[in-house]
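Working notes, beginning with the structure itself.
The values are calculated or read from the model by the stated rules, or taken from the named source; none is laboratory data. Just so it is clear, the structure is predicted and the values come from calculations on it, not from any experiment. Because the Cβ atoms are built from the backbone with ideal geometry, glycine has one as well, and the counts that use them run over all protein chains shown. Accessible surface is based on the protein model in full, side chains and every heavy atom, while ligands, DNA and RNA are left aside. Shrake-Rupley method; radii C 1.70, N 1.55, O 1.52, S 1.80 Å.
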Amino acid sequence: MHVSCSKCSIEDILEFSKNPDEVFLEFLGRFDKGLVTEKGLTEGLADEGIIRSEKEIKEMIGEINPEKFIEEILFSKKDFISEYKILKNSEPKMGCKVEELGLEKEISEFLNELKIKRFYKFQEDAIQEIVFGENIVIEAPTASGKTEAFLIPVIQRIKKESSQGKIFAIFVYPTKALARDQYPKIKNFADKIKINVKVFDGDTKIEERREIIETPPEILVTNFDVLHYHLWHQTKFSSILNSTKILVVDEAHVYSGIFGSNVHYIIKRLKRICKNKLQFVAASATLEDAKSFCEQLFGEKMQLIKGAGKKGETDFVMLFPSLRTQRKLMVELTKKLTTKNHKTMIFSNSHLNAELLAIQAKKQKINIKVHRAGLMANYRMSVEKQFKEDKLQAISCTPTLELGIDVGNVDCVISSTIPVNRLTQRIGRAARKGQKGYAFLALGNDPISQYYKNHPNDYFEDIEKTYIDPKNPFVEEFQILAMACDKPISKHELKEHQGTIEQHIIKENIVESNNRIIPNFEKINSVLNNYSIRGIGKSIDIFLNEKKVGDRTLPIALEELHKDAIYFLAGSRYK
């Protein structure tokens, strides 16, 4: 336990055994004997590997000239500084001039209006390959211009191939929030070129749905949950999807594990109902082995196009909280940064940690709000808006904001322990305008963090693998049923799933009729309705005074929402 005096510089570290009072009495006893001195403590802590010695920190800094508040953090003697360095982004390679790419006149004119005179090299390559009809993966950092790299060629194709009244391209995002965030940017561009774009998701109103079905847009923005539901229900909406020529999947790295395995099958199902051979475009900021992962996800050969990103430098510090908790460290970092007027995003890995951090930060007079799944969409959007408009200094968030939702200018990112490729995604949110950025990785008080504390280089090598398993028997079994619902399975089809099809026939989930396999809806309806492609349970709504204020998924809802439980919601506590 760390004991210090707020009026003078004495401090000591003692063994914590039973209670704080005993520790304090021992501290006083040591003080009376003259054993408590600041210098002795610092050297002792450095010798024991609890903090870094000043000499080691100076060696780590080398010729870097950190700002005063960064120096204060490095020499605070409260944490072990595992790593300090400047992260530099390589300059993006420039490509051809806009008018040299042979784009439609309206596209070039609008790009000139936007003051875009020249493409980045990766944008030029992506535009050419997509226009040519190739399947590609665009891998480039956050805020590097990936959206333009796939939007411009899609619009070019629509103008050339004229497909009014039919869906030409589907843009899929992992969440409704991200789709709604990107929609205005896509629509703004498309409107100028007189291309129709619409968003179709769970929040689309009935009259808007009717309009989309009666007059399909050339570009449809949606998510895989919507495609899955409408395909197996054979709705009017699913019938307008068959004209699609291009499927664009943004944030492709999200489709890992069970979710990605389901998405692999939804893509396969979309191929079955489409009249044209589908072209695939994937985009991702951080994806280990992007080409082979996307080839497995789409079941097609893909071509990789890599791009560099933003300019600017980021100060990066990895700290281990030796003498306090991880949360206390993160709150203090937030306080230091917001005092300097640096807009800050603090990433926690759980809802509870994000809520508790915000509560403790508010006690420090920090202007902060929570952003996480389970809060109402309008509340989350108001937090994003306030942060964007500089009415909020900090956001305490979970991975919901790891994706590219635009929250405006961010100077600093503080993150709890996370695999390095996801940390890169988080850090990518800072300094997008080319200004100086700051990033802090606050290690936890757990054994893995203890290891990284002493082996920071290993942290940068330990990349989280993105994977899918199409042969997962549970996913395959379910998705074959969904396929039979989308469109009857002919005898010569899906030979690779023959075993699963035969099992379903034995169980009478599907039946053979006129050389086709059709679903037995009475038997499988409830199975399909209760299945989540994200591998999570149903949502439980949370009400306050008869008004819905949030939700929580099962099974975790059982643990957190029982009688007399204390539940944290948007920085407040409820019983």
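Points to keep in mind about this one:
- Residue ID - modelled with the highest pLDDT, chosen from residues in the stretch 532-551 that are of a type in the set (Lys, Arg) and open to solvent by 100 Å² or more (accessible area, probe 1.4 Å): 547
- Residue within the stretch 174-190 that is in contact with a Phe, Trp or Tyr (Cβ under 6 Å, 6 or more places away or on another chain), among the small types (Gly, Ala, Ser), crowded, with 18+ Cβ neighbours inside 10 Å and in a helix (DSSP H, G or I) present: yes
- Residue check, residue 330 more than 22 Å from residue 397 (Cβ to Cβ) and either buried (at least 19 other Cβ atoms within 10 Å of the Cβ) or not β-branched (Val, Ile, Thr) (or both): no
- Which listed residue is modelled with pLDDT under 90 and not in a helix (DSSP H, G or I), from 323, 319: 323
- Residue check, residue 150 open to solvent by 50 Å² or more (accessible area, probe 1.4 Å) and within 16 Å of residue 248 (Cβ to Cβ): no
- Looking at 77, 105, just one residue is exposed (fewer than 13 other Cβ atoms within 10 Å of the Cβ) and farther than 23 Å from residue 306 by Cβ, and that residue is 105.
- Members of the stretch 376-410 that are among the hydrophobic types (A, V, I, L, M, F, W, C) and open to solvent by 10 Å² or more (accessible area, probe 1.4 Å): 376, 377, 381, 403
- Neighbours by Cβ (under 6 Å, 6+ apart or cross-chain): first from the stretch 257-276, over 15 Å from residue 239 (Cα atoms); second β-branched (Val, Ile, Thr): 260/468; 261/468; 261/475; 262/475; 262/533; 264/468
- Here the stretch 353-408 is the region considered, the condition is being β-branched (Val, Ile, Thr) and closer than 16 Å to residue 330 by Cβ, and the residue that is modelled with the lowest pLDDT is 398.
- Count of the stretch 207-255 residues, restricted to those that are under 22 Å from residue 135 (Cα atoms) and of a type in the set (A, V, I, L, M, F, W, C), is 12.
- Leading residue by the ranking (modelled with the lowest pLDDT) among those in the stretch 80-102 that are buried (at least 16 other Cβ atoms within 10 Å of the Cβ) and touching a Ser or Thr at 6+ places or on another chain (Cβ under 6 Å): 98
- If you go through the stretch 143-173 and keep only what is part of a loop (DSSP other than H, G, I, E, B) and more than 16 Å from residue 124 (Cα to Cα), you end up with 143, 162, 163, 164, 165, 166, 167, 168, 173.
- Qualifying positions in the stretch 333-350 - in contact with a Leu (Cβ under 9 Å, 6 or more places away or on another chain) and open to solvent by 10 Å² or more (accessible area, probe 1.4 Å): 343
- Summed over the stretch 186-202, residues that are under 26 Å from the mean Cα position of the chain (by Cα) and not β-branched (Val, Ile, Thr) total 8.
- Scanning the stretch 53-98 for residues that are of a type in the set (S, T, N, Q), over 19 Å from residue 440 (Cα atoms) and touching a residue at least 24 places away in the same chain (Cβ under 8 Å) yields one hit, 90.
- Filtering 383, 407 for residues that are out of contact with any Ser or Thr (no Cβ under 8 Å at 6 or more places or on another chain) and assigned to a loop (DSSP other than H, G, I, E, B) leaves a single hit, 407.
- Count - residues of the stretch 195-206 that are crowded, with 20+ Cβ neighbours inside 10 Å and either among the acidic types (Asp, Glu) or not in a loop (DSSP other than H, G, I, E, B) (or both): 3
- Pairing residues of the stretch 9-35 that are surrounded by 14 or more Cβ atoms within 10 Å (Cβ to Cβ) with residues that are among the hydroxyl-bearing types (Ser, Thr, Tyr), at Cβ distances under 6 Å and at least 6 apart in sequence or on separate chains, gives 11/4.
- Matching residues, the stretch 207-229, being open to solvent by less than 70 Å² (accessible area, probe 1.4 Å) and either more than 15 Å from residue 479 (Cβ to Cβ) or basic (Lys, Arg) (or both): 209, 212, 213, 216, 217, 218, 219, 220, 221, 222, 223, 226
- Residue 490 vs. criteria of a type in the set (Gly, Ala, Ser), over 26 Å from the mean Cα position of the chain (by Cα), at pLDDT below 90 and open to solvent by less than 60 Å² (accessible area, probe 1.4 Å): no
- Of all the residues in the stretch 498-531, those that are under 15 Å from residue 475 (Cα atoms) and either touching a Phe, Trp or Tyr at 6+ places or on another chain (Cβ under 9 Å) or open to solvent by 80 Å² or more (accessible area, probe 1.4 Å) (or both) number 6.
- Complete set of residues in the stretch 422-457 that are assigned to a strand (DSSP E or B) and at pLDDT 90 or above: 438, 439, 440, 441, 442
- Single residue of the stretch 111-147 satisfying the filter (of a type in the set (S, T, N, Q) and within 25 Å of residue 426 (Cβ to Cβ)) that is surrounded by the most Cβ atoms within 10 Å (Cβ to Cβ): 123
- Every residue from the stretch 14-57 that is farther than 23 Å from residue 79 by Cβ, modelled with pLDDT under 75 and not charged (D, E, K, R): 17
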